[in-house]
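> Mind looking over this structure? Questions follow.
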Amino acid sequence: MCKKCKLTQVDLSEKVGVELRFVRELEQGKTTLRLDKVNKVFELFGSECGPVPMKREGDDV
């Protein structure tokens, strides 16, 4: 449940248009979720997920 937003998992899945199972897996930190579905959820909160450059040892960043 998103306490801040007052949404249950069921509410969130229906509002975003993804399966309840997906919401549960997202909350549990499953590492192999589809990015397009993750972004459907993030979009509801005004965010998105995507590739970003990784800082590697020896980089001058």
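> Pairs needed: first member in the stretch 46-58, over 22 Å from ASP36 (Cβ atoms); second member anywhere, open to solvent by 70 Å² or more (accessible area, probe 1.4 Å); C-beta distance under 9 Å; at least 6 residues apart or different chains.
LYS55/VAL61
> Among the residues of the stretch 19-31, write down those that are assigned to a loop (DSSP other than H, G, I, E, B) and either open to solvent by 100 Å² or more (accessible area, probe 1.4 Å) or farther than 21 Å from PRO51 by Cβ (or both).
GLU19, GLN28, THR31
The values are calculated or read from the model by the stated rules, or taken from the named source; none is laboratory data. It should be emphasised that the depicted structure is a prediction, and the values quoted were computed from it without experimental measurement. Glycine gets a Cβ as well: all are built from the backbone with ideal geometry, and neighbour counts include every protein chain shown. Ligands, DNA and RNA are stripped out before the accessible areas are found, and what is left, the full protein with its side chains, is counted by its heavy atoms. Shrake-Rupley method; radii C 1.70, N 1.55, O 1.52, S 1.80 Å.
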